[in-house]
Amino acid sequence: VLLGIFFNVHSAVLIEDVPFTDEDFKDGPERIYRLYEQVSYNCFIAAGLYVLLGGFSFCQVRLNKRKEYMVR
């Protein structure tokens, strides 16, 4: 989530992680800003998937522990 925020505010430190070409610099900063925002959306989507997968894993662990007590 933090990476998504930093990409969304166009952090200059993260310019190496933005997929740009030399042609993207010709039209001004708007094209680079759109690339930054695209990467930030990808980071937010990945963070959401991590939360969903973590929640699913947590539920599975809880259900498996409950079954373990029922068997004994």
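Just so you know, all these numbers are worked out from the coordinates, no wet-lab data involved. Because the structure is predicted, anything quoted here is derived from the model rather than measured. For neighbour counting, all protein chains shown are included, and Cβ atoms are generated from backbone atoms with ideal geometry for every residue, glycine included.
Observations
- Between helix 29-71 and the chain: long-axis angle, C-alpha atoms, 0 to 90°, nearest 10: 0
- Here's the picture: charge each Lys and Arg Cβ at +1 and each Asp and Glu Cβ at -1 in segment 1-69, and of 39, 1, 18 the one pushed furthest to the positive end of that dipole is 1.
- Difference of contour (0.36 nm per residue) and Cα-Cα distance, residue 2 to residue 53: 16.5 nm
- Cβ-placed point charges (K, R +1; D, E -1), dipole of segment 1-69 about Cα centre in debye, nearest 20: 840
- Here, P(r) means the percent of Cα pairs in each 5 Å bin from 0 to the largest distance; for segment 1-46 it is 5, 26, 34, 21, 9, 4, 0.
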